[in-house]
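Working notes for the structure below.
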Amino acid sequence: MTVFSGAPGTTANANCDPGDIVTGGGFIAGNGSQLSSRPVIGVGVQGWQATQNGAGNGITAFAVCADVTP
């Protein structure tokens with residue numbers, strides 16, 4: 001498993017390496033209201049996204065990814 005950190009802001013995305021699958025995730029928010037924390041599973045990208053209300057002090061998303069390459 002590998003943990004990635006997204007950049008602080010009102011929306012943060014943490015993406016897995018190509019070919020890896022997201023197995024979980026979460027976030028750390030400085031302040032403000034947390035709106036969502038969810039997996040992102042799309043064509044060619046997997047990871048975690050977190051969003052918050054208002055300016056806040058930023059939010060950081062984390063994705064836990066499994067390396068499934070042979």
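The values are calculated or read from the model by the stated rules, or taken from the named source; none is laboratory data. Note that this is a predicted model, so its numbers are computed, not measured. Heads up, the Cβs are rebuilt from the backbone with ideal geometry, glycines too, and the neighbour counts pull from every protein chain shown.
A few comments on the model shown:
- So VAL45, is it surrounded by fewer than 18 Cβ atoms within 10 Å (Cβ to Cβ), under 13 Å from the mean Cα position of the chain (by Cα), modelled with pLDDT of 80 or more and among the aliphatic types (A, V, I, L, M): yes
- Selection status of GLY9, modelled with pLDDT under 90 and surrounded by 12 or more Cβ atoms within 10 Å (Cβ to Cβ): yes
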